[in-house]
Amino acid sequence: MTMEPRPASKLNAVLSRVGLLAWLAAGVVLLAGATRGSAAEEPKAAAVVDVPDTVPGLPPISPAERRYVPDYALRTGDEVMLVLVGASFCLAHRTPGFAQAVEDAKVHLQRQAKAEGRQFRAMGVSLDWKTDEALEFLSAFGEFDELSVGSNWVNASAFRYIWSDHPGEPQVPQIVVVQRHVDAGDRTIRVSGERVIRRISGTDAILAWSRSGAAL
């Protein structure tokens, strides 16, 4: 016949079951904590930083406006001009986002100039020796009002905006922002008071300047 277990044996059995349940519960808690810890340690996606697309006082540029369109007009008055100086050997046109940064800078400056009652022009300068290579380089940067290509560092515009009239560091790419007054008479055109108001040298500096609104 089967003997009934003694009270002490029953108590030990109960305690054993309780201990087993407690051990299992602790294991579940530890496993959940480890899972949360692993999830927390996973690398997070890089935060998206909003880049300003305007300057104070002007509305943001819409996607449809991110293309420069020359004004094709000759008027008497103050004028702002962006001069891009580059060449295929500087490889700036292969930097992701650089071509659009130049285009955005033209649009930004055009809007600022018009808001202040001034005209705007954009000039592209390529220092490649061969004019066909120079034109191909500048074609990546959209429309310009004026082009100056060829002759390497003795290019007429390089001579004007780097070596002589407005000396600066011989570095490409660079953007020179010029202010001047145009007097468009019936039979005579005069340009006076030309001065450099901003010079941005290097791909990174141009990218940062354009993305911050290309302030005059």
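The values are calculated or read from the model by the stated rules, or taken from the named source; none is laboratory data. The structure displayed is predicted, hence computed values, not measured ones. No Cβ is skipped: glycine too gets one built from the backbone with ideal geometry, and neighbour counts run over all protein chains shown.
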Is one or more of the residues making up the stretch 146-159 buried (at least 17 other Cβ atoms within 10 Å of the Cβ), within 28 Å of P59 (Cβ to Cβ), in the same structural domain as Y68 (by TED's automatic domain parsing) and in contact (Cβ under 8 Å) with a residue 12 or more places away in the chain? no
Within the stretch 57-68, how many residues are among the aliphatic types (A, V, I, L, M) and more than 20 Å from the chain's Cα centre (by Cα)? 0
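Scan the stretch 187-194 and tell me whether some residue there is hydrophobic (A, V, I, L, M, F, W, C), assigned by TED's automatic domain parsing to the domain that holds P96, assigned to a strand (DSSP E or B) and in contact with a Lys or Arg (Cβ under 6 Å, 6 or more places away or on another chain). Outline the logic, then answer.
From the stretch 187-194, those hydrophobic (A, V, I, L, M, F, W, C) are 189, 191; that's our starting set.
After this cut, where a residue has to be assigned by TED's automatic domain parsing to the domain that holds P96 as well, the list is 189, 191.
Filter once more, keeping what is assigned to a strand (DSSP E or B): 189, 191.
This time we only want the ones that are in contact with a Lys or Arg (Cβ under 6 Å, 6 or more places away or on another chain), so: 191.
Yes: the stretch 187-194 contains one or more residues that are hydrophobic (A, V, I, L, M, F, W, C), assigned by TED's automatic domain parsing to the domain that holds P96, assigned to a strand (DSSP E or B) and in contact with a Lys or Arg (Cβ under 6 Å, 6 or more places away or on another chain).
If you go through the stretch 54-75 one residue at a time, do you hit one that is assigned to a helix (DSSP H, G or I), surrounded by fewer than 19 Cβ atoms within 10 Å (Cβ to Cβ), in contact (Cβ under 8 Å) with a residue 12 or more places away in the chain and not aliphatic (A, V, I, L, M)?
Going residue by residue through the stretch 54-75, those that are assigned to a helix (DSSP H, G or I) are 63-65.
Within this subset, residues satisfying the condition of being surrounded by fewer than 19 Cβ atoms within 10 Å (Cβ to Cβ) are 63-65.
Narrowing further to those that are in contact (Cβ under 8 Å) with a residue 12 or more places away in the chain: 65.
If we keep only those that are not aliphatic (A, V, I, L, M) too, we end up with 65.
Scanning the stretch 54-75, I find at least one residue that is assigned to a helix (DSSP H, G or I), surrounded by fewer than 19 Cβ atoms within 10 Å (Cβ to Cβ), in contact (Cβ under 8 Å) with a residue 12 or more places away in the chain and not aliphatic (A, V, I, L, M), so the answer is yes.
I need the full set of residues from the stretch 199-216 which are of a type in the set (A, V, I, L, M) and in contact with a Phe, Trp or Tyr (Cβ under 9 Å, 6 or more places away or on another chain), in order please.
Step one: filter the stretch 199-216 for residues of a type in the set (A, V, I, L, M), giving 200, 205-208, 214-216.
Those that are of a type in the set (A, V, I, L, M) and in contact with a Phe, Trp or Tyr (Cβ under 9 Å, 6 or more places away or on another chain): I200, I206, L207, A215.
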Does I162 satisfy the criteria of being assigned to a helix (DSSP H, G or I), modelled with pLDDT of 95 or more and surrounded by 19 or more Cβ atoms within 10 Å (Cβ to Cβ)? yes
